[in-house]
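The numbers here are math on the coordinates, done by the rules we state, and not lab data. Just so it is clear, the structure is predicted and the values come from calculations on it, not from any experiment. All Cβ positions, even for glycine, are placed from backbone atoms using ideal geometry, and neighbour counts span all protein chains on display.
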Amino acid sequence: MIRIALAKGRLFEPAAACFAKAGIVIDPNPGRRLLIPSNEPAIEFLIVKPSDVAVYVESGAADLGVTGTDVLRESNADVLEPLELGFGACRLVVASPASTPWPDLPGGKTARIATKYPRLAWAHFAQAGRPVEIITVSGSVEVAPLLGLSHWIVDLVDTGNTLRANGLSERETILQVGAVLVANRASQKLKLDQHLALMASLERVVRA
Amino acid sequence: MTRPIAPIPPGALDLTGPAALSRRRLQRAAADVLEHGGYEELLPPTFEYEEVFLRAGGSGVADRLIRFTDRDGRMLALRYDFTASIARVAATTFRDATRPLRLSYSGKVFRQEPERGGRPRETLQAGAELLGQGDLAADVEIVRLTLELARTMGLRDFQLNLGHVGALAPGLAVLGEAEREAVRRWIDRKDKGNLTRALADAAPEARALGGLAFVIGRRSVLEQALRQASAATRPALEHLLQLESALPPADRAHVVFDLGEVRGLDYYTGIHFELFTAGAGQAAGAGGRYDDLMGRFGAPMPAVGVSLDLDTIAEALAP
């Protein structure tokens, strides 16, 4: 049995479509089941929060998963990343209110940054030797500057509409993000043939 | 009113009942196999000067040592692995002993994990070092010992993924430093697409990595790789085939050739392997040849060894 973890949210539909094109169709009526069968008897799916995909795969609770490189790099999970899937493209950026000076704050203040990605944000500024304070939040990051929680934010941007609607300007790109297939290291060795077969069908879909 | 009892720190575990019993049984099984194989058990200290572990394991170890300061200000570390201590003892106490030396160990190692990760910071290991013998027979002995340990401990569905640093090293050596780092990353992630793109304009020796890194399977797969191998990689592949030929069929059934592991490349100098078993999401053991190790302790001699992770094995065996 091969168990595949998919992320709820923006990556779910394209991921399910990608597997469908590879001939693996997720049961469209999952009901309340946690493990969802597919048309392939030896392949089942589980659907979890995006940041949990790598957790399931790293531990071996799932053999494979589909996740964004944003949450994957943030988690620093030790998993294989055999295939870029070509969807879910966006970027992790630093943004600040369009009306305030950048990059120096008036009065030499230390910038406070609200983000769901504290590790990546810290690494970005630490690498450049720029002192910042990181505040970890779990949602509605783009309102943090309006509400006085932070000066800047580090967040995922697709079209940039949400940023603009909140008066924010994109200042720096930290990471180009996309969906990747991840695999458990031990599973890839123990169930090699199943992994290789699945990889081959997914590669065909991605190249098409 | 009594004050609540202090909790244990993150990454520490109390093992009781079946959890303790199963680990003790594994230790006993390992001790029997190792003693029978002529391996003499060593009980090294639980803490050493940190320098011993850094000398043995290199810079990657530095992040993961659990350190504290001695009374004179020198830095101590909890035992990161047994190999470092054994190398130190072999280079001092056993300096003039008859070689090869067969030494074994069983006990806990202590490694720092990311904060709030909740992962255990101590692991129960058992293992062996064969020092002073650099030939194929020594490699065969350690591989057979590993499989015998796995069997005796009760593992059923297990495999030993066997590689050799000489398979990828020649290709990596012709790359520039930045390229090499990227190529190692793609190989480590098994990302064939990015690897192929990164190697598109590289020299033939490096371009061969695109194939070699994905060589995994039984004898026929390795034989096919050998037919296409460059003169620089051929000896490594031939060594692996010879090793497998020297195994009895019951052992051979558990061996999978796997040339795609890059992690141990700075540490191992010859064969390297990992033990995998159904029900475990990580390797249950690892080993290989590290002929540079003893030289770092002033007593250059070949070395090959294995260590098994008894916690992973106990969890995989638990009903």
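Note on A:Ala98/A:Ala128: beta-carbon distance plugged into 1/(1 + (r/R0)^6) with R0 of 22 Å gives a FRET efficiency of 0.50. Charged neighbours of B:Ala91, selected by a Cβ distance under 15 Å, balance to -1 (K, R count +1; D, E count -1). Between A:Ser140 and B:Ser230, the FRET efficiency estimated from the beta carbon spacing at R0 = 56 angstrom works out to 0.50. Over the range B:158-277, how many percent of alpha carbon pairs lie in each 5 Å bin up to the one with the longest distance? Computed distribution, short to long bins: 2, 12, 23, 25, 20, 11, 5, 2, 0. Charge tally around B:Arg55: other residues with Cβ under 13 Å, Lys/Arg +1 each, Asp/Glu -1 each, net -3. Checking the Cα-Cα distances for A:Lys189/B:Lys190; A:Lys49/B:Lys192; A:Lys191/B:Lys190; A:Lys189/B:Lys192; A:Lys8/A:Lys116 against a 19 Å cut-off, the pairs over it are A:Lys49/B:Lys192.
In terms of the Cα gyration tensor, with a ≥ b ≥ c the square roots of its eigenvalues, is chain A rounded because a/c is under 1.5, prolate because a/b exceeds b/c, or oblate?
Prolate.
In the range A:97-165, the alpha-carbon atoms span a convex hull of 94 Å³ per residue. Karplus-derived 3J(HN,Hα) values for the range A:196-207, using 6.51 cos²θ - 1.76 cosθ + 1.60 with θ = phi - 60°, are 5, 5, 5, 4, 4, 5, 5, 4, 4, 5, 5, 6 Hz; glycine and proline are entered as x.
Residues in the range A:172-184 carry Karplus couplings, in order, of 9, 9, 8, 7, 7, 10, x, 7, 10, 7, 10, 9, 6 Hz; the curve used is 6.51 cos²θ - 1.76 cosθ + 1.60 with θ = phi - 60°, and Gly or Pro positions show x.
Cα convex hull of the protein assembly as shown: mean projected area in nm², to one decimal? Write out the running numbers ahead of the final one.
Details: hull surface 126.0 nm².
Dividing the Cα hull surface by four gives the mean projection, 31.5 nm².
Label-to-label distance for B:Ile8 and B:Glu40 is 3.5 nm, based on points extended 7 Å past Cα in the beta-carbon direction.
Take the convex hull of the alpha carbons in the range B:16-157; its mean projected area over all directions comes to 11.1 nm². Applying 0.36 nm per residue to the separation of B:Arg218 and B:Arg185 and subtracting their alpha-carbon distance, the gain on full extension is 9.4 nm.
First measure r as the distance between the Cβ atoms of A:Arg119 and B:Arg71, then evaluate 1/(1 + (r/R0)^6) with R0 = 35 Å and state the FRET efficiency to the nearest 0.05. Here the calculated transfer efficiency is 0.45.
Other residues with beta-carbon under 14 Å from the beta-carbon of B:Ala169 carry, at +1 per Lys or Arg and -1 per Asp or Glu, a net charge of 0. The mean of 1/r over all distinct Cα pairs in the range A:36-156, once inverted, gives the Kirkwood hydrodynamic radius of 16.5 Å. Here the range A:22-36 and the range A:156-174 have alpha carbon centers that stand 35 Å from each other. Counting Cβ atoms of other protein chains within 10 Å of each residue's Cβ and taking the mean over peptide A:183-193 gives 6. Can you tell which of A:Thr100, A:Ala7, A:Val177 lies farthest toward the positive end of the dipole of chain A, using +1 and -1 charges on the Cβ of basic and acidic side chains (Lys, Arg; Asp, Glu)? It is A:Thr100.
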